[in-house]
Amino acid sequence: MTLRSTMLSSAAAMAVLFTGASAHAQQPRAFEPDARTALAGGLHDAEQAAWNLQLEHAITPPPGFFDPDALFYPRAFREAMEAAAAARERGEEPPAPAFTPLALSNTDLAFAGGRVIVGNYNGFNIYDATVDGAPELALSVVCPGGQGDVSVHGDLLFVSVEQNRGRLDCGTSGAEGDVNPERFRGIRIFDISDFNAPRQVAAVQTCRGSHTHTLLPHPSDPDVLYIYNSGTSFVREGDELDICSAGQPEENPETALYSIDVIKVQLSAPEEAAIVNRPRIFADRDTGEVAGLWRGGRFGVATQRTAQTNHCHDITVYPELNLAAGACSGNGILLDISDPENPQRLSDLFDPDMAYWHSATFNNTGDVVVFTDEWGGGTAPRCQADDPVTWGANLIATVEDGELTGQSFFKLPTVQGATENCVAHNGSLIPVPGRDIMVQSWYQGGITVMDFTDPENPFEIAYFDRGPVDPEGLVVAGYWSAYWYNGRIYGAEIARGLDVLRLAPSEHLSPSEIAAAERVIEDQVNPQTQTRITWEDHPDVARSYLDQLARSEGLDADIAGRAREAVDQWAQGRVNARIMDRLTRDIARAAESAEGRDHARLTALSEVLRQARAG
């Protein structure tokens, strides 16, 4: 603490230190092994452990998207690169590797019309999840270039391309040289209205490629869609794309670092999509200095080496609130997006335990954000017994009057092995009324379900895990993403394919809460474009609130008993107006003296019963 205090140089960092210290006090010093810790390994026959989750389907990758020789062993790759360098020094030309790292890896997910879109470094696959049984492959498109982040809007599919090998024509031969007019790095736009003939209709070139992107509909014009593009790679040559130049802003004020790309897509003419702004969202708000946030490095002797804030890794927008949360390498930030072409930073957060701010998820009311930390870049085993429980974890922050404040950390509460890459990664909300619950991927740490209704005390309520792909050596594998869609959890497994899981009732999640979540049906879901979840007036929703009030002892037992009886009658099609009127009044009166979540639950329960009474 003393060392950190002497290093403080800004009010923002001071504020973060205090919130961070508060969070540390709640964390255990280490996690204990559990059923997930020593599972037997294997590619498709690894041992499994599950708690309150059921694996329904495990779908292996389709042809063209798996090769055992493409499995990425970081140690073997490093040794091969060293051998190749030594060969060049001897004047020899080493053979080219058969595959680049992660060449056939599954990545992110998007959903539309009951279909699951699985991004891949080699293109994308679309599965039909409306059929009985396991989702069926509906479409495969080979179009290499990594990273394969995907999103969908209507009949348009958007794909991030970051690697230097990407080609405009989706060819597999790569793009050689420092400058190549056939190279593509940026956002591809496909028309997928005809599954038998998907067409690339636009390819928006960017300076740093596209690691991730986020769709933001225009607030009033349904024909306009914006894309917030986040490139994390090196800046390409200006001779290849004339808007590009690198360097620090002190030497090059026009540097392509320290910004995001805002791309405008006219939906009636997507082929004209183009960058319309590259806002300096990291600038110092007082001085205008472009590099206004964390400059990289350690905060103190015993802290993380945190990345420099010259890009965002991922941005999640919440259009209804005109807010976006950016996970921006060295900082978490909050943006006002009421003017989509000119986002303005409202608040920024730094924490010495965070190495790389990776992704962000709002709760449904938008007053809490879960930021993840990808300590080690996703290729390292960061959930071992000696790893700090606040490193490579989630940082949960509250939002009040446009300001972010860190509250606590949550990390996968178990010990994983040395051959399992494990760190916090992508997730989304599970729509349980009255609670904030998130499903999340942890690479080979598996999938966990976290309750963060109390942002100061998050806890795990379910998990699923497999043993390592290779118990003898670390292969980069596991869940890239785990998202909720129309009653199921879909997990994109880097090497193993696509998994479908279902929640199981437990002491932490009642049958009614699960049923209420499964009743939320959405046509289109891009997890980084959040929309407010609403629930129909249904007995399952009322029972969910009653179950939660029973756990918290937030409702008088007599009223609760009468409410359950009335809801049971409602479920049978019988609503007694006199009973409902009295219950509505009694519960509304109880809400007046309640606080926090119980107040919200009682208010919501009263309203559901009032609607039931109204018919």
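The values are calculated or read from the model by the stated rules, or taken from the named source; none is laboratory data. No experiment lies behind these values; they were computed from the predicted model shown. Quick reminder, even Gly has a Cβ in these numbers, built from the backbone with ideal geometry, and neighbours come from all protein chains shown. For the accessible areas, the whole protein counts, side chains as well, though only heavy atoms, and no ligand, DNA or RNA atoms are used. Shrake-Rupley method; radii C 1.70, N 1.55, O 1.52, S 1.80 Å.
Observations on the structure shown:
- Formal net charge of residues neighbouring T379 (Cβ-Cβ distance under 12 Å; K, R +1; D, E -1): +1
- The 3J(HN,Hα) values that the Karplus relation (6.51, -1.76, 1.60; θ = phi - 60°) gives for the stretch 280-289 are, in residue order, 8, 7, 9, 5, 5, 6, 9, 9, x, 4 Hz. Gly and Pro appear as x.
- Put the Cα centre of the stretch 571-615 next to the Cα centre of the stretch 262-296 and the gap is 47 Å.
- The Kirkwood hydrodynamic radius of the stretch 348-409, based on inverse pair distances between different Cα atoms, is 12.2 Å.
- Accessible surface comparison of D223, D353, probe 1.4 Å, protein chains only, largest first: the order is D223, D353.
- Summing +1 for each Lys or Arg and -1 for each Asp or Glu among the other residues whose beta-carbon sits under 13 angstrom from that of A393 gives -4.
- Tilt relative to the chain, helix 577-593 - C-alpha long axis, 0 to 90 degrees, to 10: 60 degrees
- 20 Å cut-off, amide nitrogen to a point 7 angstrom out along F459 Cα→Cβ, residues in the stretch 381-400: 389-390, 394-397
- Peptide ranges 155-163, 380-388 listed from the most packed, as the mean C-beta count within 10 angstrom indicates: 155-163, 380-388
- For R502 and R199, the difference between the fully extended length at 0.36 nm per residue and the C-alpha to C-alpha distance is 105.7 nm.
- Trypsin sites (Lys or Arg not before Pro) within the stretch 515-598, DSSP loop, no more than 15 other Cβ atoms inside 10 Å: R532, R574
- Comparing Cα centroids, the stretch 115-179 and the stretch 318-338 end up 26 angstrom apart.
- Here the average projected area of the convex hull drawn through the C-alpha atoms of the stretch 228-374 stands at 10.2 nm².
- Think of it as helices only: each DSSP H run of n ≥ 4 in the chain is worth -39500 (n - 2.57), and spread over all residues that comes to -5500 deg cm²/dmol at 222 nm.
- Computed from Cα positions, the angle between helix 557-571 and the longest principal axis of the chain comes to roughly 80 degrees.
- Net charge in the neighbourhood of R578 (other residues with Cβ under 14 Å of its Cβ; Lys, Arg +1, Asp, Glu -1) is +3.
- Rg ratio (alpha-carbon, reference 2.2 N^0.38 Å) - the chain: 0.98
- Burial order of peptide ranges 64-73, 601-610 (average beta-carbon count within 10 Å, highest first): 601-610, 64-73
- Cα centroid separation, the stretch 393-411 to the stretch 503-563: 24 Å.
- Loop-located GluC sites (Glu not before Pro) in the stretch 530-589, at most 15 other Cβ atoms within 10 Å (DSSP): E536, E553
- With a simple spin-label model that places each label point 7 Å from the Cα along the Cα-to-Cβ direction, the separation between R295 and D242 comes to 3.5 nm.
- Its convex hull of Cα atoms gives the stretch 272-311 a direction-averaged projected area, equal to a quarter of the hull surface, of 4.0 nm².
- Debye, to nearest 20: dipole size of the chain, +1 on Lys, Arg Cβ, -1 on Asp, Glu Cβ: 740 debye
- Restricting the GluC sites (Glu not before Pro) of the stretch 365-472 to loop positions (DSSP other than H, G, I, E, B) with no more than 14 neighbouring Cβ atoms within 10 Å leaves E456, E472.
- Protein heavy-atom surface of the chain, 1.4 angstrom probe: 48% of the accessible area is carbon and sulfur, with nucleic acids and ligands not counted.
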